[in-house]
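Written below as structure tokens is the structure these notes are about.
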Amino acid sequence: MTVTAYHIPVLSDEIASLARNRRRFVDCTVGGGGHATILLRGGGDLLAIDRDHEALEAARTVLSGNQVRWLNRSFADQEALEMIREFRPDLVLFDLGVSARQLDSDKRGFSFRPGVPLDMRMGSGDKSAADLLNELTQKSLTSLFAEGGDERRARRLAAAVARRRQRSPFRISDDLVNTIRSVLGPRSGPSDFARIFQALRIAVNSEIESLQKSLPVVLDALAQGGAVVVISYHSGEDRVVKRYFQEWARSCICEPGLPVCRCRGRALGRMEPRKPVQPTGDEISNNSRARSARLRVFVKSDAC
Ligand code: SAH
């Protein structure tokens, strides 16, 4: 296992075996460079992307001496997508979400530890978590908590947020934790806070939309036989990945009932394996971030 002080990479063995016999890598979420180090073990070129400049600085140190091109952008930005296309990779990795370093740094505002500012921005420019809580309509908050946070009492939670912000705006973690407690009851705890905070973070950083925008471009950019590899930590993200991969793996995507096939008429590659890979109990006990990880791989056909 490659352990950097920054972050312990998840599902390292799987990433190492996918890297074998491949040489042109894009790491769309380079973070502390843990996975990237594994990708480059047997040599090769890397395009390293992260929207967080602190992550890129850490990865630069870890990866010094390798052939790396760096880009401090979201992987969904036009500039990043063009670079990925030009690079013609044979493996593109997304290890979604936040790094341990980002979670541990109070000033970044990802954590529900007391007194942490409700920020959660990975890059610059987006609205902060506090802005969303203070500005979104009650209806948008309801769907954020329900769809992003699998929260059964989403409507009541959104109403409680709307009531609270009339008294004083949301500013720090405690403001949201207390509101969650007031709706979910005194027995609510860290796993509930984590779920709701994660939903808010995904909304702050438009994480689902970024993935939806990037995946088709990445498939197109891949060399023949190349692989898109996604590790997700949230059911909504995993659903997006699965839908794309399943659609690409179908040989015909016409509406049922059409007399002749009018689509591409062939699969663009295959899901390999068909089911997502999840970490073992051992890995989870060494690295709690691995708990919800799901890895999916799509291998582009040699004929595309
Ligand atoms: N695989 C890395 C850890 C990645 S943690 C390692 O082994 O060290 C996830 C990283 O993805 C974070 O650094 C975060 O800033 C970055 N990230 C999340 N969404 C992104 C996006 N849309 N574009 C670029 N980077 C993103």
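Annotations
- Considering helices alone, the calculated mean residue ellipticity of the chain at 222 nm is -12500 deg cm²/dmol, with DSSP H runs of length four and up weighted by -39500 (n - 2.57) and normalised per residue.
- Computed extension gain for Ser206 through Arg264, at 0.36 nm per residue and net of the alpha carbon distance, reaches 17.8 nm.
- Accessible area per residue in Å² at 1.4 Å probe, computed on the chain: 49
- Per-residue 3J(HN,Hα) values for segment 101-117, derived from phi via the Karplus relation 6.51 cos²θ - 1.76 cosθ + 1.60 with θ = phi - 60°, read 4, 5, 5, 7, 8, 4, 5, 7, x, 8, 9, 9, 4, x, x, 7, x Hz in sequence order (x marks Gly and Pro).
- Rounded FRET efficiency, nearest 0.05, which uses the C-beta distance separating Asp220 from Arg69 and R0 of 22 Å: 0.70
- Portion, in percent, of the accessible area of the chain that falls on carbon or sulfur, probe 1.4 Å: 47
- Approximate spin-label separation Asp131-Ser188, in nm, with each point projected 7 Å along Cα-to-Cβ: 2.5
- Take every pair of alpha-carbon atoms less than 8 Å apart whose residues are at least six positions apart; their mean separation over the length of segment 55-117 yields a relative contact order of 13 percent.
- Hits among lysines - C-alpha to C-alpha of Lys139 under 21 Å, sequence gap 8 or more where chains match: Lys127
- Computed label-point distance, nm, for sites Ser288 and Lys242 using a 7 Å Cα→Cβ extension: 2.6
- In straight-distance terms, cross-link reach from Lys242 covers every one of the lysines whose alpha-carbon lies under 17 Å from its own, apart from those fewer than eight places away in the same chain; here that gives Lys213, Lys275, Lys300.
- Axial C-alpha extent at least 18 Å, average Kyte-Doolittle at least 0.0 - helices from the chain (DSSP): 190-204, 207-221
- Simple spin-label estimate for Val277 and Arg41 in nanometres, 7 Å along Cα-Cβ: 1.1
- Among Val260, Ala303, Asn72 - extreme Cα towards positive end, dipole of the chain, charges at beta-carbon: Val260
The values are calculated or read from the model by the stated rules, or taken from the named source; none is laboratory data. Given the structure is predicted, the values throughout are model-derived calculations rather than measurements. Counting neighbours? That spans all protein chains shown, and the Cβs are built from the backbone with ideal geometry, glycine included. The accessibility values were calculated without ligands, DNA or RNA, using every heavy atom of the protein model including side chains. Shrake-Rupley method; radii C 1.70, N 1.55, O 1.52, S 1.80 Å.
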